[in-house]
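This report refers to the structure that appears directly beneath it.
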Amino acid sequence: MKSFICALRRADTTLLITDPDIIGRDTLPDLPDTAIGLFVWSYPIPSVDYGSGTRYVQVQVRAPDGDDAYKLASEILPHLNSGPDETDIYLTPTRPVTGRPRTGAKKLGVDTVGRTTYYFELALIGSNEP
């Protein structure tokens, strides 16, 4: 997913992502102040394994200005929504998923140095392969 968000940055220059190192997997980097954290919080595999599963992901976006954090989270979210036609989203060149947002951008909080974090959650449905 990190490579996918970096690809979004290349395709949509209005996004505030300027450095791929601001994106952490299972962590929200302490520095720089503007950062994105990707957290897989659940990955149930059905009892009848037909090769597909759902990964539940929380995306956290932090910035010194709360409006910027909200804007970036809100700009990323539509790119991870397959919509009513279940359009494939390619997080890698060969592995499509169906993205289903579970929440819109919500304020998580403000840290001790005044940076604001927003988050949204989504379900990514695709292959069980690691």
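Readers should treat all values here as calculations from the given coordinates under stated rules, not as data from a laboratory. As the structure is a prediction and not an experimental result, all values here were calculated from the model. A quick note on method: Cβ atoms are made from the backbone with ideal geometry, for glycine too, and the neighbour counts reach across all protein chains shown.
The table below gives the values:
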| quantity | calculated |
| --- | --- |
| Cut-off 13 Å between beta-carbons: net charge of the residues surrounding LEU122, Lys and Arg +1, Asp and Glu -1 | +3 |
| Other-chain or far-sequence residues with amide H under 5 Å of ASP65's (modelled H) | THR116 |
| Neighbour-limited loop hits for chymotrypsin sites (Phe, Trp or Tyr not before Pro), the range 35-130 (at most 11 other Cβ within 10 Å; DSSP other than H, G, I, E, B) | TYR50 |
| The range 28-130: radius of gyration and largest Cα-Cα distance (Dmax), Å | 15.1, 48 |
| Selection of trypsin sites (Lys or Arg not before Pro), the range 82-130, meeting DSSP coil and at most 13 other Cβ within 10 Å | ARG102 |
